Amino acid sequence: MDVLTLGLFPVSEENPAGEDIRYHPDFESLQAEVDKISLPSAAGGAIDWAKISSMSAAILAKQSKDLLVAAYFAVAQLHLAGLPGLEAGLGVLTDLVTTFWETLFPQLRRMRGRVAALEWWIEKSESALGSVRHTVVDETVKARLLERCARIQDILAGYIPENCPDLAPVVRILEALASTAAPPQSPAAAAVAAAPDPSPPLKVQAAAPVTPAVTAPPSTEVAVSVDSLLVSLRDHTLDLLEGEVSSTQPHRLLRLAVWAAIDAAPPVTDDDLTLVPAPEQHLSGMLRELESRGDWRGLVSAAENQLPQHIFWLDLNRFAASALRELGPACQGAADSVALETACFVARHPELPTRKFADGTPFADGETRAWLEGIALTRGGGSGPGSSAASHSEGGGLPGRLQTMLQSAQALVREKTLAGAAADLGQEIRRASSRRERMLWQLTLFRIALHSKTTELLHSLVDQIMEDMEAYQLASWEPEFAMQILGIVRSGCLKCSDKALRERAATVQSRMARIDPVQTLLIEK
C-alpha cells in the first residue's frame, strides 16, 4: 500500500468513498487508541502512533474516505516522522478533500463534523510540532511545507467560506523554524554566497528584482516570535508539571502561555452557541472518575494536560485547584495560583462563564460558576464573576474576614479540629449581613464537613441549605445562584460513602430540574 496515494484512489469502483465507518469495530479500535491522547499517561509515551497510522491507512484504503480518520493518519505521521510526516499528512488530506469532497465522510450535510475533524488535526499538529521546533531545516523543505499549507487552506476556504478552519498556528511554527540557507536568492548571489564580502543584496530566485528581505514588517516577526515563545513556554511548563505539581510557577506560567493571546471571548451564533468544538464527552467522565477515586495527582495531571487543548473549558481549572487543595499544605500555594490566574482571566473576559461550546456544553458548569464566584469574591472582585454577589453586602464586597476565615477553617480541619472550624463558621453564618453571605458560609461549612466525612453534620447542612433556599425564595429571585448552590450540594452528596446522602442527590437534582431543566439535563449527562 502506497500511503501517499490514500487520498487519490477510490475504495472501490462501485462505491468510491466507501461506507460510513464510525460504528465499525475497526474504527472503534482506532478511536480507542486515539483516546489515549487525553489520558494523564499520554505524555509518557502510552500512545502507539504506528498503530494509529496503520489502522487509519487501512480504513482509508479499503473501507472509507473519512476526514477524521485522515486527520488521525496525518497526526500519526507527524509524530512518527517529524516534518516529512507533516508533509505526507498534508498531501493525503489535500488529495482527499480535492478528490472526494462531495462524497467523503462525515457527509456533506454534516459540515460541523468535517470542520471539527480539521480543527482537531490543526490543534494536534500544532502540539506535535513542539518536538521539531528547534530543528534546523533545509530552506526548500520549509518553503514546500508552507506552500502545501497555503494550498490546502485555499482549497478549504473555497469549500467552507464561513468559519473555515485556520492553519495559522501551524504556519507560524513553520515560519519560525531556523533554516540552513538564507531566504531564496538569485543564482548569481548563491554562487558567491561563500565569498568574504557578500555585499550584493539578496533577491528572490532568478526572476525580476524584489524588495530585500530585511524590509519585512518587523511587527510580523515580533508576532511570530511571541507565538513561538508562548508555545515553548506551554511545553516546558507541562514538562515541569509531570515531575512536581506543588510548585506555583508552572501552573501560573501554563495559564499565561495558553491565555495571553486571547483578546476576546468567542462570539456567539444566533442560537446562543459559540463555534468552539466541545471537549470529547469521555473527558468529563474521566475527570470525575479520578475525583471520585481520590486520585488527586492524577486529576491535577489530567486537568492541566487538557488545558492547552481546551483553553475555554473553565471546569479544568476548578478540577485542578480542588485537587491541589486535597493534596495538603504543600500544594496550597499552587491551588491559589490556579485560582488567581483563572479569576484574572475571567475578569478580563466576564462573558466566558455563560458561553457554551458548539454542542451546547457550557464553558463552566454550575459547580465551576460557583467556584468562580467564590474566588472573585475572595479577591474583592467588582468586575468579575462575583460582582453581582458583591453588591449584596456592605462596601461592594463580602466582609474582609471571609478569606481569613476560609483559610482558618481549612487550617483547623488539617489539624483535625473540625469542632473548632464548625464553631467559627457557625458564628459567621449567624453574623452574615445578607442572605447570600449566609448561603456562602453554609457552603463553606458543607465543603469542610464533606472533606471530613462527617455524615451527621452533612445531613443537617443539606436540610438547612434547602430550607433557607425555600424560605428566601432564592429560585425566584436568583435562579442562577440557586442552581450553583444546588449543583455543589448534589455533587457533594454523590461523593459521600453514606447511602442516604447519595440518595439525597436525586432530591436535590429534582429541585434543580424545576429551576432550569435544560441545565440539569446537561449536568446529568
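Any read-out appearing in this document is the output of simple, stated calculations on the displayed coordinates, not a laboratory observation. This is a predicted model, so every value here is computed, not measured. Here the Cβ is made from the backbone with ideal geometry for all residues, glycine too, and neighbour counts use every protein chain on show.
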**Prompt:** Which far-off residues, 5 or more places away or on another chain, put their amide H under 5 Å from the one on LYS356, with H placed in the peptide plane?
**Reply:** THR274, PHE363
**Fill in**
Calc'd 3J(HN,Hα), segment 146-157, phi into Karplus 6.51 cos²θ - 1.76 cosθ + 1.60 (θ = phi - 60°), Hz, glycine/Pro = x, comes to 5, 5, 5, 4, 5, 5, 5, 5, 5, 5, 5, 4
**Request:** Past 30 Å, Cα to Cα, is the threshold; run LYS62/LYS142; LYS124/LYS356; LYS36/LYS62 against it and keep the listed order.
**Result:** LYS62/LYS142
**Item:** Between segment 81-115 and segment 258-282, the Cα center-to-center distance that results, in Å
**Value:** 23
**Asked** Cα to Cα, under 12 Å, and not fewer than 8 places away if on the same chain: which aspartates and glutamates meet these conditions relative to LYS65?
**Response** GLU19, ASP20, ASP95, GLU102
**Request:** Give a residue-ordered list of calculated ³J(HN,Hα) values for segment 268-282 (Karplus: 6.51 cos²θ - 1.76 cosθ + 1.60, θ = phi - 60°; whole Hz; x for Gly, Pro).
**Result:** 9, 8, 4, 8, 6, 10, 8, 9, 6, x, 6, x, 4, 4, 6
**Prompt:** With contacts defined as alpha carbon pairs under 8 Å and 6 or more residues apart, what's the relative contact order of segment 3-186 in percent?
**Reply:** 21
**Item:** Using θ = phi - 60° and Karplus 6.51 cos²θ - 1.76 cosθ + 1.60, couplings along segment 237-244 (whole Hz; Gly, Pro as x)
**Value:** 5, 5, 4, 5, 5, 5, x, 8
**Prompt:** Under the classification rounded if a/c is under 1.5, otherwise prolate if a/b is larger than b/c and oblate if not, where does segment 115-176 fall, given a ≥ b ≥ c as square roots of the Cα gyration tensor eigenvalues?
**Reply:** oblate
**Fill in**
Note on segment 283-391: alpha-carbon gyration tensor, axes a ≥ b ≥ c; rule is a/c under 1.5 for rounded, else prolate if a/b larger than b/c, else oblate; result oblate
**Message:** If amide hydrogens are placed 1.01 Å from N in the peptide plane, which non-local residues have theirs closer than 5 Å to the one on ASP66?
**Reply:** PHE105
**Asked** What is the distance, in nm, between label points placed 7 Å from the Cα along the Cα-to-Cβ direction at HIS24 and at LEU275?
**Response** 3.1
**Request:** Tell me which residues come under 5 Å, amide H to amide H, from VAL137 once H is placed; ignore anything under 5 positions away on its chain.
**Result:** ALA178, SER179, THR180
